[in-house]
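Notes follow the structure.
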Amino acid sequence: MFSGRTRASRGRTLAVVLLTAVVAASCTQLVTDETVISSDAMNGRDNATPGSAFAQSYIIAQLKQVAVGLDTSRTGDDAFKQPFDLGTNIVAKIPGGDLAGEYVIIGGHYDHLGNACRTPDPTDTI
């Protein structure tokens, strides 16, 4: 694979291979996450339903691998939850290093319409 290349060229090639592997692994995890969150078992993830609660738990479990809950007055999974009248948002922070005072905010919409969403397929109720 590396024959006839300079050391710098081999290093760049290795970096591209490693980056490709990281991206592929991340994409695989994203596909898994999307498959779980959008599965019929979630029953549409409408607010204040068992499907929504399960989605929250799944998302928090994934976030715990890299983040902490934003609400420092609460502990465990509750630190990630931001309840409001009609449901619950999930909020987390990935602790920084050199730029610990700077933030990137990412939002996602995990809740949905539950069984109220209809498709052209009459057998598909979610």
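Taking only the C-alpha atoms of the stretch 38-116, the Rg (one decimal) and the largest Cα-Cα distance, Dmax (whole number), read 13.7, 47 Å.
Subtracting the Cα-Cα distance from 0.36 nm times the residue separation, let me have the gained length for Ile106 to Asp121 in nm, one decimal.
Full extension of this stretch gives 2.1 nm more.
A DSSP coil position with no more than 10 other Cβ atoms inside 10 Å describes the following chymotrypsin sites (Phe, Trp or Tyr not before Pro) in the stretch 51-123: Tyr103.
With a cut-off of 20 Å on the backbone N, the residues of the stretch 26-67 near the modelled label site 7 Å out from Leu86 along Cα-Cβ are 43-56.
Values quoted throughout were computed directly from the atomic coordinates according to the rules given, and no laboratory measurement underlies them. All of these numbers come straight from a predicted model, not from anything done at the bench. FYI the Cβ positions are ideal-geometry reconstructions off the backbone, even for glycines, and counts take in every protein chain you see.
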